[in-house]
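FYI, it's all coordinate maths here, none of it is from the lab. Everything quoted here is computed from the prediction, not taken from an experiment. Note: ideal-geometry Cβ built from the backbone for every residue, glycine included; neighbour counts use all protein chains shown.
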Amino acid sequence: MKDFENYSKDLLKLNPTLRFVFGMKDKETLSHIENNLSEDYLKSLKLITDKYRTTKDKELLNQIKTIDLYLDNKLYLLLFNVNNNFIIDFNYSTNNIYPSNEEYKLSRANDFNKLLIEVIKKSKESIKYKITFPKIIIKKFLKQIKHLSEYKYLYNFIKKNYYPYCRNEIGMCYLPNGKELYKEIIKESIGYLNLTPEEIHKIGINLDKNKIIKEEFYKSREELLNDANKYANHIYNVIIDKYFHFKMNKPFQIEAVAKELENSSPLGYYNSVEKKVFINLSYYYEVSKNELYSLLMHECFHYYHFELMDFYKLPKYKIYIYSNDALVEGFAHYMETYCENYNENNVNTLLRKLRLVVDTGINYYGWTYKQAYDYLIKYLPNKKTDIINEIDRYICNPGQALSYYIGKMHIIKLRDEFIENGGNIKDFHQKLLINGLVSFN
């Protein structure tokens, strides 16, 4: 345990942004961001991992495997994620999350421009090693930043000097050693459970899946936001009392996604720095009432999970550096099963089932964009916008989307064993969450 604590301290020295997430809001933290693509940064990261290779801490060994994978295979050269556009995120953080101190703002902007110069340098390197994003993603990235005049030089570089060398194929399996990389990446995504891409694909194929046709959609942004608040209040006042020991002293905060983030954001998400659940109101015409309730259950229990860990004063590294997506997303997806009107073929659960097939289909079996789209639209005919964003996600974050259903399956298995041995549901949830984001292995 001491090794991971010391490792986290070393990481914090390297990462002003991580220090900010930890709540360390000193001048150094507020006025700088790390250039995490620079050679100095990458060498420092390697030195930190080398320092702890003899550790017996299981969580730290998992972290070292992940960083080795990232560094040894130059995965930092995959630069232009449209589901998490780093330029839009930087601008949003500067204007909405960081304190509005002009001196600090200018200092961070200077750091960011240094990072962008490194992005151009690394883009050239990515062409050399054939580690590029597909053209379909780069087109969307360019569209996202086209209106940002201060980054015109980056836009022009990507369009003229990077895009022509990008690949047409969308799956990770088309990168050098891509299939093996994907196998390793999904180990972390599913909490180090012993499942291969072939097994996950087969699980997804064999799950019951019914086509979603009849849905009652929202008529306006306002109606969607009003219902989001209604469901959040119900979860706070009813669901928590029924299934958990701990309860926060304040209800969930629900807020609309900022307009500038709507085109690069999902329908809903929880932000642990701002401590709010954000709802993307631009989706109102594609969201049913049952789907929204399930979504709010999911995002509110992300909120709850982080509040519980904070209340019990878990070390910050167990919250923000431990990295079991299958616990984080699996728990939130698992909580959807406690919706009063839950069924296994509601929109959100169906989508999580489909992800097992399509994420592995794209990244392991080499599916085309059309194959992925046709498979999803067959079950979700009214979700065209959502499907496009989903496919972008599987391309930009291979394996991450598997964590939801795989994590949920494992948590249900643990719950049923716990109850069969005489435990109760409130004790199980406390035991599941109290140790931070630990791996399942």
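Just to confirm my numbers, what's the Cα centroid distance between the range 56-99 and the range 288-329 in Å? Computed from Cα coordinates, the inter-centre distance equals 19 Å. From the Cα gyration tensor of the range 224-293, with a ≥ b ≥ c the square roots of its eigenvalues, which class applies: rounded if a/c is under 1.5, or else prolate if a/b is larger than b/c, or else oblate? Here the range 224-293 falls in the oblate category.
Here the translational diffusion coefficient of the range 189-433 follows from Stokes-Einstein with Rh set to the Kirkwood radius across Cα pairs; for 37 °C and 0.692 mPa s it amounts to 176 µm²/s.
Applying a threshold of 27 Å to the alpha-carbon distances of Lys130/Lys211; Lys289/Lys378; Lys140/Lys318 flags Lys130/Lys211; Lys140/Lys318 as lying beyond it.
Calculated mean residue ellipticity, 222 nm, the chain: -18000 deg cm²/dmol, from DSSP H runs (n ≥ 4) at -39500 (n - 2.57) each, averaged per residue and rounded to 500.
Here the scattering of the chain is modelled by Debye summation over its C-alpha atoms, one equal scatterer each and no solvent; at q = 0.11, 0.12, 0.13, 0.14 Å⁻¹ the log10 of I(q)/I(0) is -0.93, -1.15, -1.40, -1.68.
Diffusion coefficient (Stokes-Einstein, Kirkwood radius over C-alpha pairs, 25 °C, 0.890 mPa s) for the range 2-171: 139 µm²/s, rounded to a whole number.
Fully extending the segment from Glu344 to Ser220, taken as 0.36 nm per residue of separation minus the present Cα-Cα distance, adds 41.9 nm. The loop-placed GluC sites (Glu not before Pro) in the range 160-261, going by DSSP, that have at most 13 neighbouring Cβ atoms within 10 Å of their Cβ come out as Glu216.
Remark: the Cα gyration tensor places the range 259-305 in the oblate category, a/c being 1.5 or greater and a/b not exceeding b/c. Computed extension gain for Asn113 through Lys202, at 0.36 nm per residue and net of the alpha carbon distance, reaches 27.5 nm.
Among Tyr405, Tyr342, Tyr236, the ranking by other beta carbons within 10 Å of each residue's beta carbon, starting with the fewest, stands as Tyr342, Tyr236, Tyr405. If the segment from Leu47 to Lys143 were pulled out straight at 0.36 nm per residue, it would be longer than the present Cα-Cα gap by 30.8 nm.
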